[in-house]
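Below is one structure; the comments refer to it alone.
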Amino acid sequence: MQSRGPKPDVIFQLPRPFCIPDSGILEYQYVILPTGFTRNKWVQFVEAAPSDRSVVHHIVAYVRRPGSSYFKNEPKGVFFEAPPSKTNATADPDDVPSDWLVGYAPGQPPDIFEAGQAKLVPAGSDIVLEVHYMPEGKATTDQSSVGLVFAKEPPKERVMTLSAVNETFKIPPGDPDYRVDSLFTVRHQVTLLGMHPHMHTRGKDMEYRLVFPNGETRTILNVPHYNWHWQLWYNLRPTIRKIQTRPRLSSGDSKASMK
């Protein structure tokens, strides 16, 4: 763990180094790590870090609550690939987790929350680590990890990282600027802290818009030259953080697949 903040209270690490070949395409690797928490934990600071940054495109740590059906038939503590989706099957709400604990991509900083803000890891939860490896011409190994610093007391505000995702589109052959839209509806008054546009090699640009119930549209982030080798997190100024109505968060005008 290459932390740039306070010493972690606990570190969750891949059970063994994963071997990355010198070339080829690897499917996302998953590992379910039991937390062993016997009571709810509030997280003030959290960071995911590879041991070899040269071959890790991204890491995502999800919180799998007790009783969740997300990867319910997969063993714990071992590497596995996501099973194929069943044709014509009704998706379970937990099949695509929404409780994102932390992510890593080149350029993305750790999550550090202000006093009175923290993320929740419920008692008995597991952490599901998703790691996307990209061979870079030399065989190596990686043993990524996630470090947590607990809040001293329960917060006044619960922080959540949610995604506006579209994974059902198909880019027409030869189309150099195919537009992809995705939406996330905010049903309660919230404070929007920041955004992290994330795409893959075909991503060219991305724009985030707030669409209010009265039809008003407000662009809050425009990334005209997306670079998947250096993916920044954009924090908002305090003066525009408050969302007083119930808008949709729209990440439209992205020109490729969106993660």
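Computed from the coordinates by the stated procedures, all read-outs in this text should not be read as laboratory data. Note that the coordinates shown come from a computational prediction; the quantities given were computed from them, not determined experimentally. For neighbour counting, all protein chains shown are included, and Cβ atoms are generated from backbone atoms with ideal geometry for every residue, glycine included.
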Q) With a Cα-only, solvent-free Debye model of the range 174-231, what are the log10 I(q)/I(0) values at q = 0.22 Å⁻¹? A) -1.03
Q: Could you calculate the FRET efficiency of residue 170 with residue 37 from 1/(1 + (r/R0)^6), where r is the beta carbon distance between them and R0 is 41 Å, rounded to 0.05?
A: 0.50
(Q) So for the range 9-152, averaging the separation of alpha carbon pairs under 8 Å that are six or more residues apart and normalising by length, what relative contact order in percent results? (A) 55 percent
Q: Would you mind listing how long the range 10-158 runs along its three principal axes, going by Cα atoms, in whole Å with the largest first?
A: 48, 38, 23
(Q) In whole Hz and in residue order, list the ³J(HN,Hα) couplings for the range 30-38 that follow from phi through the Karplus curve 6.51 cos²θ - 1.76 cosθ + 1.60, θ = phi - 60°; x for Gly and Pro. (A) 10, 9, 9, 10, x, 7, x, 6, 9
Q | Highest to lowest packing among 171-183, 106-118, scored as the average C-beta count within 10 Å | A | 106-118, 171-183
Q) residue 35: net charge of surrounding residues, Cβ under 14 Å, Lys/Arg +1, Asp/Glu -1, itself excluded? A) +3
Q. For 200, 132, what ranking results if the residue with the fewest other Cβ atoms within 10 Å of its Cβ goes first?
A. 200, 132
Q: Kindly flag which residue pairs out of 119/204; 41/76; 76/156; 76/152; 72/204; 76/204 have an alpha-carbon separation exceeding 28 Å in this structure.
A: 119/204; 76/156; 76/152; 72/204; 76/204
Q: Multiply the residue gap between residue 188 and residue 130 by 0.36 nm, knock off their C-alpha separation, and tell me the result in nm, one decimal place.
A: 18.0 nm
Q. What's the exposure ranking of 163, 69, going from fewest to most Cβ atoms within 10 Å?
A. 69, 163
Q) Using the Cβ atoms and a cut-off under 15 Å, what net charge is assigned to the surroundings of residue 20, where Lys and Arg are +1 and Asp and Glu are -1? A) -3
Q.
Just to confirm a number: summing +1 for Lys and Arg and -1 for Asp and Glu over residues other than residue 51 whose beta-carbon lies under 12 angstrom from that of residue 51, what do you get?
A. 0
